[in-house]
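Okay, structure first, notes after.
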Amino acid sequence: MNKFLYKGILALILLFTATPTFAAISLVQTNSGNGDNGTGGADYVNSYTVAAGANNVTAGNMLIACITAGSQDSPVISDNAGNTWGRIASSTNLTAGRKTDLWFAQNVAGASTTLTVQFEPSKFADSAIIIREYSGLLTSGALDKIASSSSSGTTHTTATATTTAQASELLIGCGGSAGIASPTFGAGAGYGNLIEKKGSDAFTYCAMEDRIVSATGEYNASFTTGTSADAETIMATFRAVVTAVAAKALWLFSDF
């Protein structure tokens, strides 16, 4: 065999057997808020602000927000740093009369960042929001798979999404419930960093959890509630940054 052809074939083998390595995905900070107008009782406003965290957001990171609102209303999210926010998915529970949305902003500016949650002027939806900052994710095209569900009971699980695009991804679970006070959310199998936030009327709750995976697969997200509840659940997956591509070890002979 011509040695140049041989080397070309081996080069193609190296290319197609390459194994990527990924940046570490890390939760940087978390914050939460609600539309309580501060007067006490179930009184709330149709626009309010929430800091992204106690510290400045780091340039290039990602912000993810989970929000549950009454009256099946959807907000618009923006911030003072000029980041572009996009709604990933919505899930509505008609029985509970609540709607949960998952939002994100990628490749954010480095700044002291405050989010504005804006509902329609004529609507004063009770709501609760959780915001998280993550590092190690792609600055563009990070969003991969999405799944959602609406359920009643004590276990709330999304549909299973199709196979993830790469091995290292961040999975986010975003849940909301209504109709009962203190649903007491629990994290689903494999998930952690659970936090829940109450709205101002004690019957609107949202919860957020995360999971970092290291193998491609078909994933879902789930929550438990300590009491039977009507709930909405959303899962989204995000790709980690590829830091290098290492080929599997192959011998390449110059002569034979």
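Just so it is clear, none of the values below were taken in a lab; they were calculated from the coordinates. These numbers come from a predicted model, not from an experiment. Quick reminder, even Gly has a Cβ in these numbers, built from the backbone with ideal geometry, and neighbours come from all protein chains shown.
Put a dot 7 Å past each Cα toward the Cβ at residue 27 and residue 78; how far apart are the dots in nm?
Here the modelled spin labels are 3.0 nm apart.
May I have the extent of the alpha carbons of the range 25-240 along their three principal axes, as whole Å values ordered from largest to smallest?
Principal-axis extents of the range 25-240 (Cα, largest first): 45, 39, 24 Å.
Ranked by Cβ crowding within 10 angstrom, fewest neighbours first, how are 132, 98 ordered?
Values: 132 23, 98 31.
In order of increasing Cβ crowding within 10 Å: 132, 98.
What per residue convex hull volume, in Å³, comes out for the range 161-229 when only alpha-carbon positions are used? Before the final figure, lay out each step's value.
Details: hull volume 5.6 nm³, N = 69.
Measuring per residue, one finds 81 Å³ for the Cα hull of the range 161-229.
With the crude spin-label approximation of a point 7 Å out along Cα→Cβ, what separation in nm comes out for residue 193 versus residue 163?
Placing both labels 7 Å along Cα→Cβ, they lie 2.7 nm apart.
Given charges of +1 on the Cβ of Lys and Arg and -1 on the Cβ of Asp and Glu, with all other atoms neutral, how large is the dipole of the range 25-240 about its Cα centre, in debye to the nearest 20?
With only Lys, Arg, Asp and Glu charged at Cβ, the dipole is about 240 debye.
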